[in-house]
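**Student:** I'd like to ask some things about the structure below.
The values are calculated or read from the model by the stated rules, or taken from the named source; none is laboratory data. None of the values given here were measured: they were computed from a predicted structure. Here Cβ is always computed from backbone atoms with ideal geometry, including for glycine, and neighbour counts include all displayed protein chains. Remember, those area values only see protein heavy atoms, side chains included, never the ligands or the DNA or RNA. Shrake-Rupley method; radii C 1.70, N 1.55, O 1.52, S 1.80 Å.
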Amino acid sequence: MLKPPFPPSKHMLPAMETEDEERPLLLLQPPQVAGSEYTRDGSVDINKQPALKHSTGRWRACFLILGVEFCECLAFFAISKNLVTYLTTVLHESKVAAARNVSAWVGACFFTPVFGAFIADTYWGRYWTIVVFFPVYVVAMLVLIAAASLPVFSAPSSHGDVHRAVVYLGLYLAVLASGGVKPCASTFGADQFDINDPVERAKKGSFFNWYYFLISTSSLLSGTVIVWLQDNVGWAVGYAIPTMLMLCSFAAFLAGSRVYRFREMKASPLASLSQVVVATVRNWHLKLPDDSKLLYELPSATDASHKIKHSNQFRFFDKAAIVSAPSDSEFTAPTSPWRLCTVTQVEELKMLLRTFPIWASFVIFYAVSAQMASTLVEQGMFMDNRVGSFAIPPASLTIVSVLSILFWVPVYETVLVPLARRLTGNDKGFSQSQRLGIGQALCMLSMVYAALLEARRLAIAQANGLTDQSVPVPMSILWQAPVHLVHGAAEVFAGIGVTEFFYDHAPETMKSLCAALGQLALASGSYFNSLVLGIVAVATARGRAPGWIPDNLNEGHLDYFFWMMATLSSLNLALFVHYSMRHRGKITR
């Protein structure tokens, strides 16, 4: 998210009614860049001089940034789309181990951006964070290419442990690099538009449209062309193409350094949250005053940020704002912010805590999403993947989810929202709780269908006496398409909806942190899925029992696992509905 380039002051102009994250930028008109020759949002060029409006930023800079992000996403999806196949066929991991490792790797990719955002906002800035981490991504891809192509790794099992170590070295170098690039590309692109200029402010909305369009395009290309090359030509070729594109895009990104606009860095909101927690612990022995007006807050004349009204929920954290010494007053800043915080700081932490139940409900949602690239791919390996003379790689079927999203987004905007608006009277059509609840319900239905499909597949396998895992069951892999179609619709309702929820309910100064929480929910869902798979493997594969998810799925009961995920989803939906009804006014707007 965008952050104010200079601290607000009493000389601020009135804020315009625009998006919340843009408001701080609109408040300030730095005198040194007030002329029409320069941008009016305080941005500077690479030499730290006021940015010239006509020679920096806008689309000339965004094309280069979008190119970097497109290639980064292409590399990410080139790994993730078919990773379960690589682990089972090349490294010879078991089905359960491969599914767990894929979930753990994807989870790590969406966990590290929290640290990348912290580094970018606090120390290096977005540009230099990309410059440092993007080459690490290239190195990671080169390691994977070497692991897939060098003769020493294709030799018999004497080098198996070394091969496995090199592969996982490449995978987790990509995790490290992803954490630095993912949180910076979109925000650095948005920095290229002066939101104090009405024309450029309108163009910034188009940037985000193209940003998400290119992410979907990279997913589509990886799930079709790259996966097909990996399965039919070679893994090294499938990894080499994104790597070459990354090198070209990074060279262009560096060559365009003089046209970028840069923002001044500010202290990370994580520091403010940490100060509240530390101050609360230090003041735990103090008694809260009966009148909340006695708690510490900056006066309006010297307020360096917006204020949030006091609330009675989570009152324990109010101890961080207790004025404990006579020398402390509401007009005097405390000696240390680690001992005394403002009411606004405390309320920002409370706002984050209030979003936790919604965040927790999406751990289950994203655990179901993890099945699309793990257990469903393994299921597809045991189905007939021929369509005429063409063989569909099992991992490529995930493109149906992408196509479903591309289909449902315009349908949602042009058909469902106007219809719901007439029925509910809500300007958005669906309230936030309704939108999220529908997505959670569709998520559950996707697992119900997957369970019924697997039960049918097992019945056909038994009827044909198929015990050899190398012989596919005479059942078309296209029967998996409805799972991806339904889950794509769930993503449009709940996946996009939860992003909007975190934005609407985030403190003004913590929009980017709350956006990272959405990524953290995705990571936690992947880790939760890995944990569940491990428990299922231990609990169901005792003695001579093959378990629910053996290497030969014809001998197991993957349908039981899908039923379990459907049950967890239904319980999660019930808890979500209960919470929504109890807090109707807080999440229905």
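**Student:** According to a simple spin-label model (label point 7 Å from Cα along Cα-to-Cβ), what is the distance in nm between ASP290 and LYS307?
**Tutor:** According to this spin-label approximation, the distance is 2.3 nm.
**Student:** Now, a different point. Where the centre of each part is set by its Cα atoms, how far does the stretch 209-265 sit from the stretch 523-587, in angstrom?
**Tutor:** Taking the Cα centre of each part, the stretch 209-265 and the stretch 523-587 sit 34 Å apart.
**Student:** Filter the cross-link list LYS293/LYS428; LYS182/LYS319; LYS287/LYS309; LYS287/LYS307; LYS287/LYS350 down to pairs whose alpha-carbon distance in this structure exceeds 26 Å. Spell out each step's value before the answer.
**Tutor:** Values: LYS293/LYS428 37 Å; LYS182/LYS319 37 Å; LYS287/LYS309 20 Å; LYS287/LYS307 24 Å; LYS287/LYS350 19 Å.
LYS293/LYS428; LYS182/LYS319, as the Cα separations exceed 26 Å there.
**Student:** Tell me, what is a quarter of the convex hull surface for the C-alpha atoms of the stretch 441-495, in nm² with one decimal? Let's see the in-between values first.
**Tutor:** Numbers: hull surface 16.2 nm².
Seen from a random direction, the Cα hull of the stretch 441-495 projects 4.1 nm² on average.
**Student:** Also, I was wondering about something else. What does the extension gain come out to for SER324 and GLU264, with contour length at 0.36 nm per residue minus their alpha carbon separation? Kindly include the intermediate steps, with their values, before the conclusion.
**Tutor:** Working: separation 60, 0.36 × 60 = 21.60 nm, distance 3.49 nm.
Full extension of this stretch gives 18.1 nm more.
**Student:** Would you mind calculating the gained length between LEU169 and GLU413 on full extension (0.36 nm times residue separation, minus the Cα-Cα distance), in nm to one decimal?
**Tutor:** On the way: separation 244, 0.36 × 244 = 87.84 nm, distance 4.31 nm.
Here the segment from LEU169 to GLU413 would lengthen by 83.5 nm.
**Student:** Here's something else I'd like to know. Mean shadow of the stretch 170-264, computed from the convex hull of its alpha carbons, in nm²? Kindly include the intermediate steps, with their values, before the conclusion.
**Tutor:** Details: hull surface 30.3 nm².
If I average the Cα hull's projected area over directions, I get 7.6 nm².
**Student:** Given the DSSP H assignment, sum -39500 (n - 2.57) over each helix run of at least 4 residues in the chain and divide by its residue total; what's the result at 222 nm in deg cm²/dmol, nearest 500? Let's see the in-between values first.
**Tutor:** Numbers: 22 runs with 340 residues, N = 589.
Counting only the DSSP helices, I get -19000 deg cm²/dmol.
**Student:** As a test of understanding, state the convex hull volume per residue of the chain from its alpha carbons, in Å³. Numbers along the way, then the final one.
**Tutor:** Values: hull volume 108.4 nm³, N = 589.
Dividing the Cα hull volume of the chain by its residues yields 184 Å³.
**Student:** In the stretch 177-195, whose amide N lies under 20 Å from the spot 7 Å out along Cα-to-Cβ of TRP59? List them in ranges.
**Tutor:** Within reach of a label on TRP59, which here means backbone N under 20 Å from a point 7 Å along Cα→Cβ, the stretch 177-195 contributes 186-195.
**Student:** May I pose another question? Quick one: Karplus J couplings for the stretch 391-407, per residue in order, coefficients 6.51, -1.76, 1.60, θ = phi - 60°, nearest Hz, x for Gly and Pro?
**Tutor:** 9, 8, x, x, 5, 6, 5, 5, 5, 4, 4, 5, 4, 5, 5, 4, 6
**Student:** Sort 520-527, 576-583 by the packing proxy (mean of other Cβ within 10 Å over each peptide's residues), most packed first.
**Tutor:** Values: 520-527: 22.6, 576-583: 15.2.
Most protected by this proxy first, the peptides run 520-527, 576-583.
**Student:** Next question. Suppose all protein chains stay in the model; what accessible area per residue would a 1.4 Å probe give for the chain, in Å²?
**Tutor:** Computed with neighbouring chains in place, this is 44 Å² per residue.
**Student:** I would also like to ask the following. Got a number for carbon plus sulfur as a percent of the stretch 38-92's accessible area, 1.4 Å probe?
**Tutor:** On the way: 1130 of 1880 Å².
With neighbouring chains kept in place, the figure for the stretch 38-92 is 60 percent.
**Student:** Scan around VAL473 for amide H atoms under 5 Å from its own, H built in the peptide plane at 1.01 Å from N, and keep only partners 5 or more places away or cross-chain.
**Tutor:** MET383, ASP384
**Student:** Please report the spacing between the Cα centers of the stretch 388-432 and the stretch 82-146 in Å, no decimals.
**Tutor:** Using only Cα atoms, the two centres lie 29 Å from each other.
**Student:** Relative to the first principal axis of the alpha-carbon coordinates of the chain, what is the inclination of helix 160-190, with its axis defined by its Cα atoms, in degrees from 0 to 90 and to the nearest 10?
**Tutor:** Relative to the chain, helix 160-190 is tipped by roughly 40 degrees.
**Student:** Can you send over the solvent-accessible area of LEU288, 1.4 Å probe, protein chains only, in Å² to the nearest 10?
**Tutor:** 40 Å²
**Student:** Can you give the Kirkwood hydrodynamic radius of the stretch 409-563 from its Cα pairs, in Å with one decimal? Intermediate values should be presented prior to the final figure.
**Tutor:** Details: mean 1/r = 0.0540 Å⁻¹.
After inverting the pairwise mean of 1/r, the radius is 18.5 Å.
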